[in-house]
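Peer 1: Below is one structure. I have some questions about it.
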């Protein structure tokens, strides 16, 4: 698969699509490309009206990692929809980012 970064901006636009499946597909595609420009827009998906989109966004954020993502995920630990998934993601990021891992 080619990681064509020209697709990043159009894919970010699809995160606002009316169809849940389109938003989820856009998140998955952005993860595959791995461009840092997607981090903020995927973080905003944590507030999506659909739980499935929120869950996909949490999983996607593991790919990006970093302090900003950890801080945001910690804000969602008490969220009834994605709190458990946020906890899982935090543990994955922290274990991956540990020195010597």
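The values are calculated or read from the model by the stated rules, or taken from the named source; none is laboratory data. Worth saying up front: this structure is predicted, and the values here are computed from it rather than measured. Methodologically, a virtual Cβ is constructed for each residue, glycine included, from the backbone with ideal geometry; neighbour enumeration extends over all protein chains shown.
Peer 1: Could you grab me the full set of residues in the range 14-53 that are over 24 Å from residue 70 (Cα atoms) and without any contact (Cβ under 8 Å) to a residue 24 or more places away in the chain?
Peer 2: 14, 17, 18, 19, 21, 22
Peer 1: Which residue out of 81, 87, 18 is surrounded by fewer than 13 Cβ atoms within 10 Å (Cβ to Cβ) and more than 12 Å from the chain's Cα centre (by Cα)?
Peer 2: 18
Peer 1: Here's another thing I want to ask about it. Go over the candidates 96, 37 one by one and state the one that is surrounded by fewer than 19 Cβ atoms within 10 Å (Cβ to Cβ), modelled with pLDDT under 95, in contact with a helix residue (DSSP H, G or I) (Cβ under 9 Å, 6 or more places away or on another chain) and outside any loop (DSSP other than H, G, I, E, B).
Peer 2: After applying the criteria, what remains is 96.
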